[in-house]
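The values are calculated or read from the model by the stated rules, or taken from the named source; none is laboratory data. It should be emphasised that the depicted structure is a prediction, and the values quoted were computed from it without experimental measurement. Positions of Cβ are backbone-derived with ideal geometry, glycine not excepted, and every protein chain shown enters the neighbour counts.
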Amino acid sequence: MSIHTTINNIPAPTWNWLKINNAPFSYSASVLGADSPVQNVLPAGVSYKADAGSDAGTYSGIATGVGKNIDSLFTDAGVRPALITAARNTHVSEPVCIAFNPADGSSTASSQIIRAEEGSSVTVIISYTSDERASGFQTVRTLCSAGKNAFIHLVKVQLLGSSFTQIDDTGTDCEEGGRVEITQIILGGKETFAGVASRLSAYQSSFKSDTAYLCRGSQKLDMNYVVRHLGKKTDSKMIVKGTLLDTAEKTYRGSIDFKNGCSGATGNEQEEPLLLTPSVVNKSIPLILCDEEDVAGEHGATIGRLGEDTLFYMQSRGISKQAAEEIMARAKVSSVASLVPDETIVTKIHNYLDKAFAHE
């Protein structure tokens, strides 16, 4: 398999010389289809099909953040999506857990569809872990469909080895009153491409995302978050926070697109990157597109190093500059990790941070 394309395309391109419209992607190797390893005992009210079969077509029109240019990775690998369904009017009290543990040197692709029927609520946790120094390639696509007045909380935690490349592609769609919340933590890997797209097509549907990252060494992280408001009184909120150090590179594209007819819609996005060394590369592209008058959109980015007042406060209490920077970097991840309803996963996140800062 050989693919040379662009992914994470911004909805409204700007000058090409800025090199922020998309991310170039090339890969030449065999990619194998991988199963979605769901926990053996499913919570009450949830059904699971390892192969969605003909049901997959129902959700094939959901747009994703990374985009269609990676479709061949799934088709050539023979990937058939799994289907996780929360039954109508059912509150699923325990999360559904999907754990990927790719082997060193592996190249895999997999896909899942999460469907919450009318009036239901469900949490799905997808974790990616491997040996600390493992290498390989992994691409995962997740589609979320929230029915009328339904709720999906999707959690993604990436703790892959230091030489892994990952594409994590997500798309969501909501019916009237439907809600999707995404909690995403990206700590591992050599190069990560993360994309999320949300379509709010129905009255009072909503989307919320909380994302945290730590990029160190020569890590590269490229993100593309897009929310398209089509229905009236829809609402979106995107929060991204993280830390860059050493020679790490990060690009974040955050787009709120108010389409004609979405009167009364509201959208807000905020990014908070902390830059701890002068050699990091940070690109932040907050974008609001508007084709409707009666809407309210806000965006902003707080970019910089640790404030002198904060640093002085900590040093006056015996905390060194290095320790203060570590505390702030951990705090950004921990604030998002607190939204993960699984103590085992949260412990893994903190253990990963312990090892990361022990190497500094």
Applying the selection to the stretch 111-136, what residues are in a loop (DSSP other than H, G, I, E, B) and hydrophobic (A, V, I, L, M, F, W, C)?
Ala134
Looking at (1) closer than 30 Å to Arg133 by Cα; (2) touching a strand residue (DSSP E or B) at 6+ places or on another chain (Cβ under 9 Å), which is the only condition Gly217 fails?
(2)
From the list Glu191, Glu272, Glu249, pick out the single residue that is in contact (Cβ under 8 Å) with a residue 60 or more places away in the chain, surrounded by fewer than 19 Cβ atoms within 10 Å (Cβ to Cβ) and among the charged types (D, E, K, R).
Glu272
Name the residue that is surrounded by the fewest Cβ atoms within 10 Å (Cβ to Cβ), counting only residues in the stretch 176-188 that are touching a Phe, Trp or Tyr at 6+ places or on another chain (Cβ under 6 Å) and within 18 Å of Phe207 (Cβ to Cβ).
Glu176
Exactly one of Thr139, Thr108, Thr64 is under 21 Å from Gly171 (Cβ atoms), in a loop (DSSP other than H, G, I, E, B) and in contact (Cβ under 8 Å) with a residue 40 or more places away in the chain, and that residue is Thr64
From the set of residues in the stretch 209-228 that are over 21 Å from Phe258 (Cβ atoms) and basic (Lys, Arg), which is surrounded by the most Cβ atoms within 10 Å (Cβ to Cβ)?
Arg216
Every residue in the stretch 179-227 that is closer than 21 Å to Ala265 by Cα and touching a helix residue (DSSP H, G or I) at 6+ places or on another chain (Cβ under 9 Å), please.
Asp210
Cys97 fails exactly one of the following numbered conditions: (1) under 22 Å from Ala194 (Cβ atoms); (2) in contact with a Gly (Cβ under 9 Å, 6 or more places away or on another chain); (3) not basic (Lys, Arg). What is the number of that condition?
(2)
Considering only the stretch 232-246, state which residues are surrounded by 23 or more Cβ atoms within 10 Å (Cβ to Cβ) and not polar (S, T, N, Q).
Met238, Val240, Gly242, Leu244
Can you find even one residue in the stretch 150-157 that is at pLDDT 95 or above, out of contact with any Ser or Thr (no Cβ under 9 Å at 6 or more places or on another chain) and not in a strand (DSSP E or B)?
no
Within the stretch 284-325, the count of residues that are of a type outside the set (Phe, Trp, Tyr) and at pLDDT below 85 comes to 24
Out of (1) surrounded by fewer than 22 Cβ atoms within 10 Å (Cβ to Cβ); (2) touching a strand residue (DSSP E or B) at 6+ places or on another chain (Cβ under 7 Å); (3) within 29 Å of Arg115 (Cβ to Cβ), the one Val196 does not meet is (1)
Checking the conditions here, which among Thr247, Thr266 is out of contact with any Pro (no Cβ under 9 Å at 6 or more places or on another chain) and either closer than 20 Å to Ser206 by Cβ or among the small types (Gly, Ala, Ser) (or both)?
Thr266
Selection from the stretch 56-89 of residues crowded, with 20+ Cβ neighbours inside 10 Å, among the hydroxyl-bearing types (Ser, Thr, Tyr) and within 26 Å of Pro43 (Cα to Cα) yields Thr85
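Do we have Ser30 as in contact (Cβ under 8 Å) with a residue 40 or more places away in the chain, within 22 Å of Ile98 (Cβ to Cβ) and not in a helix (DSSP H, G or I) here?
Answer is no for this residue.
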Name, by its number, the condition in (1) surrounded by fewer than 14 Cβ atoms within 10 Å (Cβ to Cβ); (2) touching a Leu at 6+ places or on another chain (Cβ under 9 Å); (3) over 23 Å from Leu200 (Cα atoms); (4) touching a residue at least 60 places away in the same chain (Cβ under 8 Å) that does not hold for Ala12.
(3)
